[in-house]
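The values are calculated or read from the model by the stated rules, or taken from the named source; none is laboratory data. Small disclaimer: the values here were computed from a predicted structure and weren't measured. Cβ atoms come from the backbone with ideal geometry, glycine included; neighbour counts cover every protein chain shown. When the accessible area is computed, the model is the full protein with side chains, heavy atoms only, and any ligands, DNA or RNA have been set aside. Shrake-Rupley method; radii C 1.70, N 1.55, O 1.52, S 1.80 Å.
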Amino acid sequence: MLFRSGSDPGHARRSWPKSFPAHQDADLPSAVFEGASWLRRTVGETAAEIDSRSRKPEELTTASWQALQEFTKANQAWRDRQSDAAILYLKTALGLDPDFARASARLGDILVALGRRDEGLPYYSKAAELLRQRNLTDRESLLIRGLFVLDTGQNEEAERVFARYAIEYPADGLPLFYKAAAVDRQGRDEEALELSRSAHLLDRQSAPLALTYAARLMSLGRFQE
């Protein structure tokens, strides 16, 4: 049910009753997707906008509700500093759905963070390939693909991925931040500086973006700036 509030918060000015039933756990992702699409149409998004920014849940995450639950448990375990439990949950998720790209990427990310790089990179690689095959361009998909190629020294490919990310999401400073790293590794320090500046201007509240921009200025001898 969608409500529009009026001057009296106790009463809605207008309501749009609508339900999206899920008869079993496996139906939940599709029900949520249909509900979100209906809400976007109701508040004014055009069909073209919705189509260009939408993917079925099974494309973005997984068709397995159980796998998604294991993924959620893994993230909570990692926040609680229970790395062994997080790894176990993610491996369980991948056992339920071997093509669950987000779970594969998260497992790779955690293993690399724990210093188990050789073990983690194949999971990262599989996730990046799955996302590339589907040509997904949501923020998370582009970030996963870009970070994988950046972490494995594929700097030209990283530059291309983050360039596309920046085009798709022009108000986001993060792709410019990572593109600057890829460009810097290719010896184009002035271009990297300008990208870092643009990233900082887009998100002035981000300390990493500000510090990186300052570090690049100092590396070029521009200490006053």
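Remarks
- Over region 86-191, the hull volume per residue, using the convex hull of the C-alpha atoms, is 101 Å³.
- Rel. contact order, % - alpha carbon contacts under 8 angstrom, at least six apart, region 156-218: 28 percent
- From phi via Karplus (6.51, -1.76, 1.60), per-residue ³J(HN,Hα) for region 167-173 in Hz, x at Gly/Pro: 5, 5, 10, x, 8, 9, x
- Expressed as a whole percent, the accessible area of region 91-157 that falls on carbon and sulfur atoms is 45 (1.4 Å probe).
- Local electrostatic count, Arg185, Cβ distance below 15 Å [Lys/Arg +1, Asp/Glu -1]: -4
- Cα gyration tensor shape for region 150-225, rounded if a/c is under 1.5, else prolate or oblate: oblate
- Furthest towards positive pole of dipole, Gln224, Val161, Phe177, structure part region 153-225, Cβ charges: Gln224
- Mean Cα-pair separation over length for region 90-225, i.e. relative contact order, pairs under 8 Å, 6 or more apart, %: 13 percent
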